[in-house]
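Down below is the structure, laid out as structure tokens.
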Amino acid sequence: MPYFCDNYPILKREEIAKDIYSYVISCPEAAAVSKAGQFVHIRAEGYTLRRPISICEIDKENGTVRIVFEVRGGGTDRLSQLRVGDKMDIILPLGNGFTVKEIPEGKNVVVVGGGIGVPPMCGVSAQYKNVKAIIGFRSKDKVILEEDLKRIGAEVTVCTDDGSYGESGVVTVPLEKELEKGNTAMIFACGPTPMLKAVIECAKRYNIPCEVSLEQRMACGVGACVGCACNINRDGKNLVLRVCKDGPVFKAEEVVL
């Protein structure tokens, strides 16, 4: 798949929670070929390494891509200072996205996101009907994209670790309840490693196909440096693959966490 590198104009900027920012970028040629689950690689002025950020939403008709990220250091802080009308130096779309296929009549898809792993769940939710979204956060002040997922058409359950909003506890509790109904055809997930481990175990227990998007520190973003290596067991073979090039989306049963 082709990818593009250019300085793309920012059309919209919003702080959607404390230190969490949403940007809509005009990039028609890249939006036309982007897929849910892929990511962008952004250069922050004054920093050598680019910052990988998941694609949140793709609007092919209007030629835009939306990204959502949390300020976690100097690079992302510099990116958060960009305003509407400024340009972002971006390489996109990178990596392999989620599988989009028809599901049987009467079945649903479950998407599970944790923290800043929630944004790519918007993109994949837009590809399906009958979506159940289960999203988890540390506390109420960190909750993001609940209304966006509802706008897309998903039925949303929010969990918080401290019980300050939605259901108290971890995402696997409502996930188990949903899987027990027997209507789930596919699970998609992105979030912290402990959450992914728990989701993968649920998928195995109920024998439901599952794809997970791995979060990993990256340098080049295009597979050259092998800095984002991960362990994958495929066809009985233990492999070391690159999250940026071979992922970030993998079949759950292949992932060694």
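The values are calculated or read from the model by the stated rules, or taken from the named source; none is laboratory data. Note that the structure is a prediction, hence the values are computed from the model and not measured. No Cβ is skipped: glycine too gets one built from the backbone with ideal geometry, and neighbour counts run over all protein chains shown. Each accessible area value is taken on the protein alone, full model and side chains, heavy atoms only, with ligands, DNA and RNA left out. Shrake-Rupley method; radii C 1.70, N 1.55, O 1.52, S 1.80 Å.
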Per-residue ellipticity at 222 nm attributable to helices in the chain (runs of n ≥ 4 DSSP H, -39500 (n - 2.57) apiece, nearest 500 deg cm²/dmol) works out to -5000 deg cm²/dmol
Most mobile of GLY95, GLY46, GLY223 per a Gaussian network model of the chain (Cα springs, under 10 Å)? GLY46
Let me know the shape class of the range 1-71, please: from the alpha-carbon gyration tensor, a ≥ b ≥ c as square roots of the eigenvalues, rounded when a/c is under 1.5, otherwise prolate if a/b is greater than b/c, or oblate. oblate
If you filter the range 1-100 for trypsin sites (Lys or Arg not before Pro), then keep DSSP loop positions with at most 10 other Cβ within 10 Å, what is left? LYS18, ARG83
Using a probe radius of 1.4 Å on heavy atoms only, what accessible surface per residue do you get for the chain? Whole Å² is fine. 47 Å²
Given LEU196, GLY182, CYS225, which one lies farthest toward the positive end of the charge dipole of the range 110-257, if we put +1 on the Cβ of every Lys and Arg and -1 on the Cβ of every Asp and Glu? CYS225
For GLU29, project a label point 7 Å along Cα to C-beta. Then give me every residue of the range 74-111 with its amide nitrogen under 15 Å of that point. 90-93
About the Cα centre, charge dipole magnitude for the range 153-257 (Lys/Arg +1, Asp/Glu -1 at Cβ), debye: 500 debye
Between ASP141 and VAL222, with labels modelled 7 Å along Cα→Cβ, what's the label distance in nm to one decimal, could you check? 4.1 nm
Once you sort the root eigenvalues of the Cα gyration tensor of the range 70-188 as a ≥ b ≥ c, which label holds: rounded (a/c under 1.5), prolate (a/b larger than b/c) or oblate (the other case)? oblate
For LYS197 and ASP19 in one chain, what is 0.36 nm times their gap in residues minus the Cα-Cα distance, to one decimal in nm? 61.4 nm
Lys/Arg +1, Asp/Glu -1 at C-beta; the range 12-109 dipole; positive extreme among ALA30, THR48, ILE91: THR48
Quick one: grab the alpha carbon gyration tensor of the range 126-213, order the square roots of its eigenvalues as a ≥ b ≥ c, and give me rounded if a/c is under 1.5, else prolate or oblate depending on whether a/b is larger than b/c. oblate
Residues whose placed amide H lies under 5 Å from that of ILE16, excluding near-sequence neighbours: TYR21, SER22
Let me know the longest stretch in the chain that avoids all GluC sites (Glu not before Pro) found in a DSSP loop with at most 13 other C-beta atoms within 10 Å. 106-257
Roughly how far apart, in whole Å, are the Cα centres of the range 31-66 and the range 115-147? 18 Å
Dipole in debye (nearest 20) - the chain, about Cα centre, beta carbon charges: Lys, Arg +1; Asp, Glu -1: 420 debye
The convex hull of the Cα atoms of the chain, divided by residue count, gives a volume in Å³ per residue of 122 Å³
GLU176 and ILE208 label points (each 7 Å along its Cα→Cβ direction) are spaced in nm at 1.4 nm
With a 1.4 Å probe and all protein chains left in place, how much of the accessible area of the range 121-184 comes from carbon and sulfur atoms, in whole percent? 43 percent
How much FRET efficiency would the formula 1/(1 + (r/R0)^6) give for ASP6 and GLU167, where r is the Cβ-Cβ distance and R0 is 45 Å, rounded to 0.05? 0.60
Neighbour net charge for ILE58 - beta-carbon separation under 15 angstrom, K R +1, D E -1: 0
The farthest towards the positive end of the charge dipole of the chain, of the residues PRO120, THR64, LEU214, given +1 on Cβ of Lys and Arg and -1 on Cβ of Asp and Glu, is LEU214
